[in-house]
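Peer 1: Before I ask anything, here is the structure I am working with.
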Amino acid sequence: MEIAISNLFSDPLHPALIISKTISKTDIAENMRLPKHEIESVLAIMGGVTAEELQIGKKVVISDLVEGDQYEVFLKCLNNKRYYIGEGWGKLRDSLDLKEGQTLKLYWYQDFKIFVILNFPYNLLD
């Protein structure tokens with residue numbers, strides 16, 4: 001699988017497509033809150049995502065290319081202020097064995113319309 005990943009991500013990644021989140025105690029106990037600036041940057045590039053859709057939940061796929069796993073989760077927004085991953089977060093959190101203080105990095109891969117967990121070496125665009 002390493003060859004496939006290195007081929008897919010041989011070009012530097014655009015930082016505006018990356019969401020980086022340090023897992024908090026609240027994230028472990030509840031839903032994972034997302035950094036507003038970073039998720040809004042990604043949503044602008046995703047295109048076609050409405051505020052109404054985020055109120056009820058926008059289904060997206062998060063792919064772990066290293067392990068070969070995929071997770072369906074729902075991106076949600078509360079009162080146009082708080083963005084978070086709701087339904088599906090528990091399965092993702094438990095499968096990755098995420099703990100408080102760890103960092104989860106997600107990359108919006110526009111070609112395939114999925115988020116990819118950045119748990120492999122990559123370069124950033126300058």
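Peer 1: Give the accessible area for R93 in Å² (nearest 10); use a 1.4 Å probe, count only protein heavy atoms, and leave out ligands, DNA and RNA.
Peer 2: Rounded to the nearest 10, that gives 40 Å².
Peer 1: State to the nearest 20 debye the size of the charge dipole of region 47-114 about its Cα centre, where the only charges are +1 on K and R beta carbons and -1 on D and E beta carbons.
Peer 2: So the magnitude is around 340 debye.
Peer 1: With Cβ to Cβ distances under 9 Å as the rule, what net charge do the other residues near K76 carry (K, R +1; D, E -1)?
Peer 2: +1
Peer 1: Could you tell me how far the Cα centroid of region 25-59 sits from the Cα centroid of region 69-125, in Å?
Peer 2: Taking the Cα centre of each part, region 69-125 and region 25-59 sit 10 Å apart.
Peer 1: Continuing with this model, one more query. How large is the helix-only mean residue ellipticity at 222 nm for the chain, computed as the sum of -39500 (n - 2.57) over DSSP H runs with n ≥ 4, divided by its residue count, in deg cm²/dmol to the nearest 500?
Peer 2: Calculated at 222 nm, the ellipticity per residue is -7500 deg cm²/dmol.
Peer 1: Keeping all protein chains in position, work out how much accessible area F112 exposes to a 1.4 Å probe, and write it in Å² to the nearest 10.
Peer 2: 120 Å²
Peer 1: What does the charge dipole of the chain about its Cα centre add up to, to the nearest 20 debye, if the Cβ of each Lys and Arg holds +1 and the Cβ of each Asp and Glu holds -1?
Peer 2: 500 debye
Peer 1: Which order do K105, K91 take by accessible area at a 1.4 Å probe, largest first?
Peer 2: K91, K105
Peer 1: Measure nothing but the geometry: give the 0 to 90° angle between the long axis through the Cα atoms of 36-46 and the longest principal axis through the Cα atoms of the chain, rounded to 10°.
Peer 2: 70 degrees
Peer 1: With every protein chain left in place, what is the accessible area of D94 in Å² (1.4 Å probe, nearest 10)?
Peer 2: Answer for D94: close to 100 Å² accessible.
Peer 1: Using every Cα-Cα pair within the chain, state what percent have a distance larger than 22 Å.
Peer 2: That fraction is 32 percent.
Peer 1: Along the positive direction of the dipole of the chain (beta-carbon charges: Lys, Arg +1; Asp, Glu -1; about the Cα centre), which of L78, L8, I117 reaches farthest?
Peer 2: L78
The values are calculated or read from the model by the stated rules, or taken from the named source; none is laboratory data. Given the structure is predicted, the values throughout are model-derived calculations rather than measurements. For neighbour counting, all protein chains shown are included, and Cβ atoms are generated from backbone atoms with ideal geometry for every residue, glycine included. Side chains are part of the model used for accessible areas, which takes the heavy atoms of the whole protein and leaves out ligands, DNA and RNA. Shrake-Rupley method; radii C 1.70, N 1.55, O 1.52, S 1.80 Å.
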